[in-house]
Amino acid sequence: MFFQAKKCIVVFVQNLNDSELVKKYLAGESAVLEELIQRHFRPVFLFAKSYVKTDFEAEDITQETFVKMWKNLKRFDQGKKFTTWLFQIAKNTAIDYLRKHKKIVAAEDLDEERMEIQLQQLVDNNPLPQEIFDQAGFENKLDEIIGKLPDKQRLVVAMHLRDELTFEEISFILGESVNTIKSRYRRALMLVRDNLSKGI
């Protein structure tokens, strides 16, 4: 009976959305924090990995992100989206890590940004095509294809498709214009199409 009851509690907690989990935690149900962390650990780790080269560094950033999340949950504006707030913490933690270890490469960022600015004029305001992601069997190939994209494109695709963040939310988190995010996403779609056409 005890194990059945415990299983029911776990299933119940897993069915709650992020905001509900935060409310329960702030109401004194500290056990739900584990579900909140487990739910977002992999997305935050992959997000961190886009800033650094090794899993070890990404793990450090991820752990620090969740420590900061835990310390600041009382300040979380429950009228906002939890994932947007969490990824902001992850981004700031990653940047702090890079500055601390002097790993920011300004020249590469400038070159990439110059390219983005040139592409902005080609981006329209219409929704970007999603049909490519509805192809049969694509789910099995998504991780492999995304893994082959350049870091910044991989990050935007993962945040939009896996984490279900809007372009506006991604723009806010990364501190870049919506047009830059959209153009980066569009170029990623082109690479995905190329990979699919080659049967990857």
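For segment 18-66, residues that are within 16 Å of ARG162 (Cα to Cα) and acidic (Asp, Glu) total 1. Scanning segment 40-59 for residues that are touching a residue at least 12 places away in the same chain (Cβ under 8 Å), surrounded by 17 or more Cβ atoms within 10 Å (Cβ to Cβ) and in a helix (DSSP H, G or I) returns HIS40, PRO43, VAL44, PHE45, LEU46, PHE47, ALA48, GLU57, ALA58. Only helices (runs of 4 or more DSSP H) whose full extent lies in segment 117-200 are considered here, and the ones with at least 2 residues that are within 27 Å of ASP18 (Cβ to Cβ) and modelled with pLDDT of 80 or more are 151-157, 167-174, 178-197.
The values are calculated or read from the model by the stated rules, or taken from the named source; none is laboratory data. Everything numeric in this text was worked out from a predicted model, so none of it was measured. Methodologically, a virtual Cβ is constructed for each residue, glycine included, from the backbone with ideal geometry; neighbour enumeration extends over all protein chains shown.
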